[in-house]
Structure formats: structure tokens, C-alpha cells
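First up is the structure itself, then whatever we jot down about it.
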Amino acid sequence: MPASRRAAGFTLVEVLIALAISAFIAAAAYTGLSTVMTGVERTRAEAERTWEINRALNFLSRDLRQFADRPVRDEFGDVEPALQGGPAARFLLSLTRAGWYNPQGHPRSSLERVNYVIEDEALWRESYPVLDRAAETEPLRVRLLDDVVDMRLLFLSDIGAVNPSARGTDIDTRAWPENWVANLSDPGVDLAPPIAVEVQLELEDWGEVRRLYVLPPY
């Protein structure tokens, strides 16, 4: 066999080197693709979480901005103020709101009673089909937001209590009361609604989220 024909083709060493180079290129390409896919999934997860938080805040904003000064009777026949909340209240936040959409024209009020509660590390919204409840009245519950560590409310009773913060652009709410409940020692006096409510949500991933809502005049 001529020497020129014996020299044609690849040696075992050359094949192994080619395989090693191909494996290195494939590993580098997979690492780059995996990084891109991880980034896409993280961005998608963050976008979904942002949507969930904004959805929960939109529910709160809609309810508080459509507040209606209408007390209700609970299932025990006791009067609940138009708005009450805080650790000392039965519900974290309970209020009457207007603007209950009625596309089917059912014979009911356009006012709605809603509660906000923290349960199983989630923020829930409860709504009742009637304002003055009976013993068998059950609320409709909607799970608004998961991974909620805590929810704190601060209430403004008097516009004169509004003080600017040290930065001069925000409102200092540290002196605002965290409970808005009726005085049990004076049951004949109605609880007037607050002027504004600050909502502080403590989330596992985002930390603290704060929103200030001014209630409509009543």
C-alpha cells in the first residue's frame, strides 16, 4: 500500500482531541442556554409576583376609596361600625363599600360589606351577599396574596395630626393609632370613620410594602 494512502484519515489521538473540543463547545453552549432560560424563568416569576401584589393592592385601593359610611349588623345582631380594624378588632380590616357592580340587576344594594384577614400566611378578602347578616350568612372568600408575613394598619383621625417626615416629602404616620374600634365603655357613641388609612404589608420576598389611602368624604 503506498505511503500516501496510509497517511489519509485520522489517528486515535486526533479523534479524541476533536471529541474533547466538541464536548467543551457543547458544555459551554448548554451553560449559556441554561443561564438564559434561568433568567427568563426568574423574570417571569418576578412579573407574576408583581402582578399578584398589584392585584391585592388594587382590591384594597378600590374598597377603601369607595368607602361608604354605613354601619351594619353582624350575625349576632350587634352593630359593626362602617369601618373598623387593627389587632383589637374582630377582623384585621372591615368596612362597607359602595359601587358593588350588579350587571344582572339583582334586587340588592349597591353597598357591600368586606373583611380582610391574614390566614395561613395569605391575605384573604371576604365579602357578604347582604349588609346586615343573619346567623347562616356565609362570606365569599378570595385568596388575594400568598407569602404574607404580616399586615399592619395605621389610621388618621384628624387632619391636624398630619406631620411631614424628616425627608419632607412623605407623611410621618408613626404616631397614628393602629386600632380603629368602638369604645366599649361608651357604647352609645358611634365610631366615626378615619380620614386616611396606611396599609403596611410585610412579604417574605419583597419585605415591606406601604400604601396610603385617603377615604372619600362622608
Do the conditions hold for residue 12, that is, is it free of Cβ contacts under 8 Å to residues at least 60 places away in the same chain and either among the charged types (D, E, K, R) or surrounded by fewer than 10 Cβ atoms within 10 Å (Cβ to Cβ) (or both)? yes
Quick test of your reading of the structure: residue 105 fulfils all but one of (1) at pLDDT below 90; (2) surrounded by 15 or more Cβ atoms within 10 Å (Cβ to Cβ). Name the failing condition by number. (2)
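Hey, among the residues in the range 110-133 that are of a type in the set (Ser, Thr, Tyr) and surrounded by fewer than 17 Cβ atoms within 10 Å (Cβ to Cβ), which one's nearest to residue 180 (Cα to Cα)?
Filtering the range 110-133 for residues that are of a type in the set (Ser, Thr, Tyr) and surrounded by fewer than 17 Cβ atoms within 10 Å (Cβ to Cβ), the one nearest to residue 180 (Cα to Cα) comes out as 127.
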Got a sec? Which of 176, 124 is outside any strand (DSSP E or B), among the aromatic types (Phe, Trp, Tyr) and either within 21 Å of residue 69 (Cβ to Cβ) or modelled with pLDDT of 95 or more (or both)? 176
Search result, residues across the range 127-142 that are touching a Lys or Arg at 6+ places or on another chain (Cβ under 8 Å) and not in a loop (DSSP other than H, G, I, E, B): 127, 141, 142
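The values are calculated or read from the model by the stated rules, or taken from the named source; none is laboratory data. Here the structure is a predicted model, which means the values were calculated and not measured. Glycine also receives a Cβ, built like all others from the backbone with ideal geometry; neighbour counts cover every protein chain displayed.
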